[in-house]
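Have a look at the structure below before the remarks.
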Amino acid sequence: MAVAMSRHDDRYLFRRMAIIALEDIGLGNLDLTANLLAIAGKTAWRAAHGGPLIAAYFAERLAETPKDRTFCNTACADLFDPSLAVKRDAWVTSYDEDELCAIYADPDKTVMERHIAGLALTGGLTRGKGAEKEYSTRSKEKFFATLHAMGIGQREVDIVKRGMSIAAEGLYVALPIVFPMVKYVEVKPAQLTPVIKIKGVLSSAYDGHVQEGKSAIAYFAKSKPIQEFVKEKFPNGGHLPCISSLVFNVDSISMSPYLKYPFAQKIEKIERELNAMRFGLTLSEFEGWMYVVHENLHLLTEARVRVTK
């Protein structure tokens, strides 16, 4: 399929694969992410060195490598923090460069505040929609000077630069925030859920990018076991984004044979902490919700069947 897509629209294919690398691979394989982003904009080079075969190679590598969605979870996290709304709007129109650089580099600030500071500095913070959409002013030199001061390595800096060049939706801003966390996070052997064996669940029921998956997850979120569990935290509804995230997390655990490795365990813990933060949950609450979702996944399959009838 990658070969056929490359022949049809090679430039679009590689831009999408670059986004996939940042959104779904991330820390799981930074070398692969860096290599893919390095050639994503080199259409002529790809045509001269194998064309569709290069697309097939990277498609296979993306499918087989360990997955990590911490960049995506970080990029989404600030959207769920209403306390940052005023700063988001203010920093689109004007900001103090030095102040935002200090916020972005400060590990004691929240992940959400650091992320929107980085977005503002890179011209990726927005306000409004359509023709009225405004963008923050890019302070590229200050931003990369801050990365240097933070001790971010050249490979990671290159990923950020190339991510910025393809306008990768703020994913590149998350990398320098999340990457240093791996050094310090501690995971005890019994702290993470073991690999879950899931049978009989249709994979397309998980896919929140297509209408069938969205509808299935929406029905699943309304099921009695899920409603009973979430009513205390979300008494007035509004829990669908959280359930969608939990479905993604359970799916990634079930598909990951890599959780036996310490590095993968650290990434998994960071992902859970970020998602718990997004929805105002403690880590233990979030993991408890993961268990409830897993135990009721048969309802997700039933919902998936229901929406296709």
query: Would a scan of region 156-167 turn up a residue that is over 20 Å from the mean Cα position of the chain (by Cα) and not in a loop (DSSP other than H, G, I, E, B)?
result: no
task: Spot the failing condition for N296; the list is (1) under 20 Å from N73 (Cα atoms); (2) modelled with pLDDT of 75 or more; (3) not hydrophobic (A, V, I, L, M, F, W, C), and only one is missed.
output: (1)
query: Which one of these is part of a helix (DSSP H, G or I), under 30 Å from Q265 (Cα atoms), in the same structural domain as A120 (by TED's automatic domain parsing) and under 14 Å from the mean Cα position of the chain (by Cα): T74, T33?
result: T74
query: What pairs can you find where one residue is in region 139-162 and touching a residue at least 40 places away in the same chain (Cβ under 8 Å), the other is surrounded by fewer than 15 Cβ atoms within 10 Å (Cβ to Cβ) and among the hydroxyl-bearing types (S, T, Y), and their Cβ atoms are less than 8 Å apart, with a gap of 6+ or different chains?
result: none
- prompt: Of L32, L62, L84, which residue is closer than 27 Å to F263 by Cα and in contact with a Ser or Thr (Cβ under 9 Å, 6 or more places away or on another chain)?
  reply: L32
Every residue from region 265-307 that is outside any helix (DSSP H, G or I) and within 27 Å of T110 (Cβ to Cβ): F279, G280, L281, T282
message: Name the residue that is nearest to R272 (Cα to Cα), counting only residues in region 78-110 that are crowded, with 23+ Cβ neighbours inside 10 Å and within 20 Å of the chain's Cα centre (by Cα).
response: D78
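Within 30 Å of P241 (Cα to Cα), at pLDDT below 85 and in a helix (DSSP H, G or I): is that true of S6 in this structure? Spell out the reasoning first.
Numbers: within 30 Å of P241 (Cα to Cα): no; at pLDDT below 85: yes; in a helix (DSSP H, G or I): yes.
When the stated conditions are applied, S6 does not pass them.
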Hey, N275 modelled with pLDDT of 80 or more and polar (S, T, N, Q) or not: yes
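The values are calculated or read from the model by the stated rules, or taken from the named source; none is laboratory data. These numbers were taken from a predicted model, which means no experiment stands behind them. All Cβ positions, even for glycine, are placed from backbone atoms using ideal geometry, and neighbour counts span all protein chains on display.
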